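S.K.: Got a structure for you, written out below as structure tokens; questions coming shortly.
What follows is calculated from the coordinates using simple rules that are stated; it is not laboratory data. As the structure is a prediction and not an experimental result, all values here were calculated from the model. Cβ sites come from the backbone with ideal geometry, for glycine too, and all protein chains shown count toward neighbours.
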Amino acid sequence: MQQFPFDEIDELYRKVILDHYRSPRNMVEIGEPDIEYDEYNPVCGDRVVLQLKLSDGRVEEAGFHGEGCSISQASASVMMDSLKRKTLEEAEQLSSTFRRLMQGHTLSEDELTGLGNLAAFQGVRKFPVRIKCALLAWTALEEGIAEYRRAGTR
Ligand code: ZN
């Protein structure tokens with residue numbers, strides 16, 4: 001199940017998660033977002049509010065704000081970078097790949113490459129209670145997309 005040498009993952013884990021936690025990317029308020037979703041994890045008090053602005057069916061702007069542990073906030077921050085210019089279908093695909101990684105599935109080389117910095121979060125699997133933290137922003141993404149579709153504003 002281990003896809004990188006352990007030391008390498010530990011190193012990547014510290015680098016990516018701490019870096020994004022200390023200097024989050026796209027922690028901005030987006031005016032008139034097409035998708036907005038507020039997700040809360042009562043277990044550790046993590047909160048992520050995700051906002052997406054779409055253009056021609058692709059993510060034009062992505063922003064979030066929130067509070068909570070380093071893993072929940074870093075996961076949201078790394079996600080912002082990876083959503084740019086993606087269609088909602090591609091965003092959902094990425095979300096399901098990330099979810100499978102966090103659940104301990106073995107991913108293909110292509111899937112791992114596609115995850116980029118998100119692959120660092122597999123270090124979180126050593127701490128099962130924190131997996132929910134890593135997935136919080138992704139749950140917000142999936143729920144937000146579902147809500148958007150239900151509203152039928154496509
Ligand atoms: Zn947390």
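S.K.: For every helix of n ≥ 4 consecutive DSSP H residues, a contribution of -39,500 (n - 2.57) applies; sum these over the chain, divide by its total residues, and give [θ] at 222 nm rounded to the nearest 500 deg cm²/dmol.
M.R.: -15500 deg cm²/dmol
S.K.: Another question about this same structure. Which lysines have a Cα lying under 30 Å from the Cα of LYS53, excluding residues fewer than 8 positions away in the same chain?
M.R.: Straight-line reach from LYS53, under 30 Å: LYS15, LYS84, LYS86, LYS132.
S.K.: Related question: Could you give the dipole magnitude of the chain about its Cα centre, charging the beta-carbon of Lys and Arg +1 and that of Asp and Glu -1, in debye to the nearest 20?
M.R.: So the dipole magnitude of the chain works out to roughly 300 debye.
S.K.: Compute the distance in nm between two label points, each set 7 Å from the Cα along the Cα-to-Cβ direction, one at SER23 and one at ARG149.
M.R.: Rounded to a tenth, the inter-label distance reads 3.7 nm.
S.K.: Please work out the C-alpha center-to-center distance from the stretch 49-81 to the stretch 102-135 and express it in whole Å.
M.R.: Between the Cα centre of the stretch 49-81 and that of the stretch 102-135, the gap is 17 Å.
S.K.: So how tilted is helix 131-150 from the main axis of the chain? Cα-based, degrees 0 to 90, rounded to 10.
M.R.: Rounded to the nearest ten degrees, it is 20.
S.K.: Can you give me the angle between helix 88-102 and the longest principal axis of the chain, using Cα atoms only, in degrees from 0 to 90, rounded to the nearest 10?
M.R.: 20 degrees
S.K.: Which one of ILE17, ASN117, LEU94 has its Cα pushed farthest toward the positive end of the charge dipole of the stretch 6-149, where Lys and Arg give +1 and Asp and Glu give -1 at the Cβ?
M.R.: Value: ILE17.
S.K.: A further question follows. Running Debye on the chain with equal point scatterers at the Cα sites and no solvent, what base-10 log of I(q)/I(0) appears at q = 0.10 Å⁻¹?
M.R.: After summing over all Cα pairs, the log10 values are -0.32.
S.K.: If I fit a long axis through the Cα atoms of helix 70-83 and take the longest principal axis of the Cα atoms of the chain, what angle between them do I get, 0 to 90°, rounded to 10?
M.R.: 60 degrees
S.K.: Among VAL59, THR106, VAL43, flag the residue with its Cα farthest along the positive direction of the charge dipole of the chain, charges on Cβ as +1 for Lys/Arg and -1 for Asp/Glu.
M.R.: Value computed over the given set: VAL43.
S.K.: What list of ³J(HN,Hα) couplings, whole Hz, do you get for the stretch 105-115 from phi and the Karplus terms 6.51, -1.76, 1.60, once you set θ to phi - 60° and write x for glycine and proline?
M.R.: 6, 8, 9, 6, 4, 4, 5, 5, 4, x, 6
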